[in-house]
Amino acid sequence: MSLLILAVDQRPWLTQALYGHTAAALPAERAAITDGKHMVLEGLLAALEAEPRLAAHAGILVDEQLGAGVPERARAHRVTLSMPVERGGCDVYETEPADLPAFLAHFRPEFPKVLVRYNVEGSASDNREQRSRLAKVSQAVRDSGGRFLFELLVPPTPEQRNIPSEVFDTEVRPGLIHRAMAEIVEEVPVDVWKLEHLGAPEHYRTAADLAAQTGGECILLGANAPRATVDGWLSDAAANGFTGFAIGRSIWWDSLRGLLAGDLTRPEAIAAVAANYRHFAGTFLQ
């Protein structure tokens, strides 16, 4: 079954985009962002009310730090829940919260998620340390009854930064993603890979086949790209073995920013989120 996640777990990115810093949000900032994340959930719920067939596929990825109360509301509405368990903004993965089993027992997310920056041609010692840490997280997730969602980002090494970005994205990074998946899964069981766009259709198929070898699957992340770009990625991914998406800012950023700036009413913001989610869901499922 397809997994169509609305991702709103951004933390340092949001405080930077809205308030120009990545420190802990001030009380007024936290209140505003939290209200915005509740609006995003309300947009998802409006989409499901308008198009009930999506309810079986829908999920939300949200944090408890700047999204207090959203996980509980999502569960109350029987929306599949995914939550991040990484410290935001780290180049080398760090688990957050400190007491992961207690966190998982309290919130009971179906898909605990990690975001990991991992380049097989980067620091071998950093990669080794990340695999060690992530193996423990994967086991804790399994022990909780959840499924492990692994967001893999492959930043270029200093040497790879000399490659034109378009060439890196379409010709170099796909192979690095495939190699990273194979290397990581030797030590870290993964249920769902959340991956960047892979360019050519055969690159999507290779990733899906790699995941399937260990009982996993792949979903596509949106990377805050324009709608037409994401539509193309979704079509390629859906046709080549991917089982869903986790799209965030491409769905809700304009609405959240407009709501907090006073440029949109809450009903307007909710309606826009709902329409964008339904659009991408329809593109993937068609």
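Nothing in this text is a laboratory measurement; each read-out follows from the coordinates by a stated rule. Remember, it's a predicted structure, so these values are computed and weren't measured experimentally. Every residue, glycine among them, receives a Cβ derived from its backbone with ideal geometry; neighbour counts consider all protein chains shown.
Each helix, a run of at least 4 DSSP H residues, gives -39500 (n - 2.57); summed and divided by the residues of the chain, these come to -15500 deg cm²/dmol at 222 nm. Would you mind checking the tilt of helix 266-285 against the longest principal axis of the Cα atoms of the chain, expressed as 0 to 90 degrees and rounded to 10? So the helix axis and the longest Cα principal axis differ by about 40 degrees. Taking the C-alpha atoms only, the angle from helix 201-212 to the longest principal axis of the chain is near 90 degrees. Per-residue Karplus couplings for the stretch 158-168, computed as 6.51 cos²θ - 1.76 cosθ + 1.60 with θ equal to phi - 60°, are listed in order as x, 5, 6, 5, 6, 7, x, 4, 5, 5, 4 Hz, Gly and Pro entered as x. Descending by average beta-carbon neighbour count within 10 Å, the peptides 250-260, 161-171 line up as 250-260, 161-171, the highest first. Relative to the dominant Cα principal axis of the chain, helix 173-185 is inclined by about 80°.
One chain, two ends: D143 and E183. Fully extended at 0.36 nm per residue, the span grows by 12.1 nm beyond their Cα-Cα distance. Here the chain is assigned +1 on the Cβ of each Lys and Arg and -1 on the Cβ of each Asp and Glu. Its dipole about the Cα centre then comes out at about 520 debye. Straightening the chain between W13 and V167 buys 52.8 nm, computed as 0.36 nm per residue apart minus the Cα-Cα spacing. Of the residues L285, L26, A46, the one whose Cα sits farthest toward the positive end of the charge dipole of the chain, with +1 on the Cβ of Lys and Arg and -1 on the Cβ of Asp and Glu, is A46.
Please report the relative contact order for the stretch 3-285, taking Cα pairs under 8 Å with a sequence separation of at least 6, and give it as a percent rounded to a whole number. Intermediate values should be presented prior to the final figure.
Values: 465 pairs, mean separation 55.9, N = 283.
Once divided by the residue count of the stretch 3-285, the mean separation gives 20 percent.
Phi-derived couplings, Karplus 6.51 cos²θ - 1.76 cosθ + 1.60 at θ = phi - 60°, listed residue by residue for the stretch 31-45: 4, 5, 5, 4, 4, x, 5, 5, 4, 4, 4, 4, x, 4, 5 Hz, with x used for Gly and Pro. Read through the labelled values (i) 48, 41, 38; (ii) 48, 42, 32; (iii) 76, 69, 33 and report the label of the one computed as Cα extents along the principal axes in Å from the structure. It is the one labelled (i). In the chain, with Lys and Arg counted as +1 and Asp and Glu as -1 at Cβ, which of these residues, A261, A228, V172, has the Cα nearest the positive end of the dipole, that is, farthest along it? So the residue furthest toward the plus end is A261. Under a 5 Å amide H cut-off, with hydrogens placed 1.01 Å from N, G59 pairs with L4, I5, L6 among residues at least 5 apart or on other chains. Around the amide H of F148, modelled in the peptide plane, lie the amide H atoms of D191, V192, all under 5 Å away and 5 or more residues distant in sequence or on another chain. Under the Karplus relation 6.51 cos²θ - 1.76 cosθ + 1.60, θ = phi - 60°, what is the ordered set of whole-Hz ³J(HN,Hα) values for the stretch 71-85, x standing for Gly and Pro? Couplings: x, 5, 5, 4, 4, 4, 9, 6, 8, 4, 10, 10, 9, x, 10 Hz. For the pair A23 and A228 in one chain, pulling the backbone fully straight at 0.36 nm per residue adds 70.5 nm over the alpha carbon distance.
Amide H contacts of C218: W193, T243, each under 5 Å away and 5 or more positions distant or on a separate chain (H built 1.01 Å from N in the peptide plane; Pro and chain starts excluded).
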